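Student: Have a look at this one before I ask anything.
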Amino acid sequence: MPPKPRLERRNSTRVTVSAEVKLTGASLSTVRNRMSDLSLTGAFIDTNLTLAPGTTIDMEFQIQGVTFKLKAEVVNLMPGFGVGVRFLNLSPEQKRLLEKLLLPR
């Protein structure tokens with residue numbers, strides 16, 4: 001079942017998802033959390049980690065059978081809830097796959 005779009009003030013529509021995400025980098029050992037929304041430009045990760053805005057992380061997740069391995073920058077910290085991240089340097093193929101999975105058909 002495709003994720004459900006939400007109305008959004010951002011440039012990219014976010015959709016609600018529930019996917020495990022593996023985070024590494026930023027002096028983290030591998031940490032597994034949940035991603036609760038996803039867009040073409042970023043995501044929100046439910047976590048108790050305190051990652052300061054500007055922190056770069058590596059993330060890996062799977063949506064509808066497609067695995068993504070991306071670099072991201074923390075752009076928003078909501079203590080006790082999670083972090084908003086912006087994807088960095090998406091390849092054309094990664095962008096195409098995200099568009100295919102997220103955009104209405």
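Student: Which residues, taken from the range 54-65, are surrounded by 13 or more Cβ atoms within 10 Å (Cβ to Cβ), out of contact with any helix residue (DSSP H, G or I) (no Cβ under 9 Å at 6 or more places or on another chain) and not charged (D, E, K, R)?
Tutor: Result: T55, T56, I57, M59, F61.
Student: Taking the condition surrounded by 11 or more Cβ atoms within 10 Å (Cβ to Cβ), of a type outside the set (G, A, S) and within 10 Å of the chain's Cα centre (by Cα), does I45 pass?
Tutor: yes
Student: Here's a follow-up. How many residues are closer than 22 Å to S18 by Cβ and touching a residue at least 24 places away in the same chain (Cβ under 8 Å) if we restrict to the range 46-73?
Tutor: 17
Student: Say whether the condition of being surrounded by 13 or more Cβ atoms within 10 Å (Cβ to Cβ), closer than 17 Å to S12 by Cβ and among the small types (G, A, S) is met by at least one residue in the range 66-74.
Tutor: Checked against the condition, which is being surrounded by 13 or more Cβ atoms within 10 Å (Cβ to Cβ), closer than 17 Å to S12 by Cβ and among the small types (G, A, S), the range 66-74 yields at least one hit.
Every number here is computed from the coordinates shown, using simple stated rules; none is lab data. Keep in mind the model is a prediction, meaning the values are calculated, not measured. A quick note on method: Cβ atoms are made from the backbone with ideal geometry, for glycine too, and the neighbour counts reach across all protein chains shown.
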